[in-house]
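Reading through the structure tokens given below for one structure.
The values are calculated or read from the model by the stated rules, or taken from the named source; none is laboratory data. No experiment lies behind these values; they were computed from the predicted model shown. Note that we place each Cβ from the backbone using ideal geometry, even for glycine, and neighbour counts take in every protein chain shown.
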């Protein structure tokens, strides 16, 4: 999935709060938009000062011909600064970085793609759903199923986006305030147990590490291919600092370089 990487001053077209403390930015950067693949990320310098010193990594949420969208939570120092940036300003951006989801070669577009998102894990999966739909996974009985998990209904993200793409959207909330009561992995387990077509499914997932560990276990149990996008702290984002390594069956690998997307069976959780 090698593609070109750019460093550019991207114009901030939009920076809006979509729900409390969660924001979406739209960046004008046509070179990156052309190259980006689902699951890849950007390294963004959130302001022009030396603080914070490090760039922040953000998964690519959506793209069009010239714009890249990023969904983020204003949680730490860097993202709180980013939330204050205004339309018309410029951000120093490097990308697209990392390896994304392999939805085009190995599986030849699966009959059913099951997208499993926990919390902010929805961000790259909307981009993936868009590409899957455009490749015709809904034709001839094929489909894309989006399982979205959150603590409460107020923290659900991107439900409308998945619906507009024509996905079969199913929701899980920890407190039962919307959809299935429980974890999104419990919803996945229920779906897999109740379908006769698991042999034709591929799982794509992004979210907290415990969620991905359980998805890896379920994929092994049902003998399903699964790809997981890992969320790790990154410093350089280009593979130089070795600060984001994870243990795999083939030794330690860098999330920013060999990942962030891995085959679930590779990861030693």
Specify the residue that is surrounded by the fewest Cβ atoms within 10 Å (Cβ to Cβ); the eligible residues are those in region 216-241 that are in contact (Cβ under 8 Å) with a residue 60 or more places away in the chain and assigned to a strand (DSSP E or B). 227
Could you list all residues from region 80-99 that are surrounded by fewer than 20 Cβ atoms within 10 Å (Cβ to Cβ) and assigned to a helix (DSSP H, G or I)? 80, 81, 83
If a residue must be part of a strand (DSSP E or B) and under 11 Å from residue 118 (Cα atoms), how many such residues does region 181-215 contain? 2
Pull up region 255-269, narrow it to residues that are assigned to a loop (DSSP other than H, G, I, E, B) and in contact (Cβ under 8 Å) with a residue 60 or more places away in the chain, then point me to the one that is farthest from residue 53 (Cα to Cα). 269
Output the residues belonging to region 1-58 that are in contact with a helix residue (DSSP H, G or I) (Cβ under 7 Å, 6 or more places away or on another chain), modelled with pLDDT under 95 and closer than 17 Å to residue 127 by Cβ. 3
List the strands (runs of 3 or more DSSP E) that sit entirely inside region 1-77 and contain at least 3 residues that are surrounded by 15 or more Cβ atoms within 10 Å (Cβ to Cβ) and more than 18 Å from the chain's Cα centre (by Cα). 6-19
Residue 51 - would you say it is at negative phi and either in contact with a strand residue (DSSP E or B) (Cβ under 8 Å, 6 or more places away or on another chain) or assigned by TED's automatic domain parsing to the domain that holds residue 255 (or both)? no
Inspect region 74-84 for any residue being touching a strand residue (DSSP E or B) at 6+ places or on another chain (Cβ under 7 Å), under 29 Å from residue 218 (Cα atoms), without any contact (Cβ under 8 Å) to a residue 60 or more places away in the chain and not assigned by TED's automatic domain parsing to the domain that holds residue 167 and give the result as yes or no. no
Restricting attention to region 148-160, the residues that are part of a helix (DSSP H, G or I), surrounded by 13 or more Cβ atoms within 10 Å (Cβ to Cβ) and free of Cβ contacts under 8 Å to residues at least 40 places away in the same chain number exactly 2
Give me a count of the residues in region 192-226 that are at negative phi and in contact with a strand residue (DSSP E or B) (Cβ under 7 Å, 6 or more places away or on another chain). 17
The one condition residue 252 fails out of (1) part of a loop (DSSP other than H, G, I, E, B); (2) over 21 Å from the mean Cα position of the chain (by Cα) is (1)
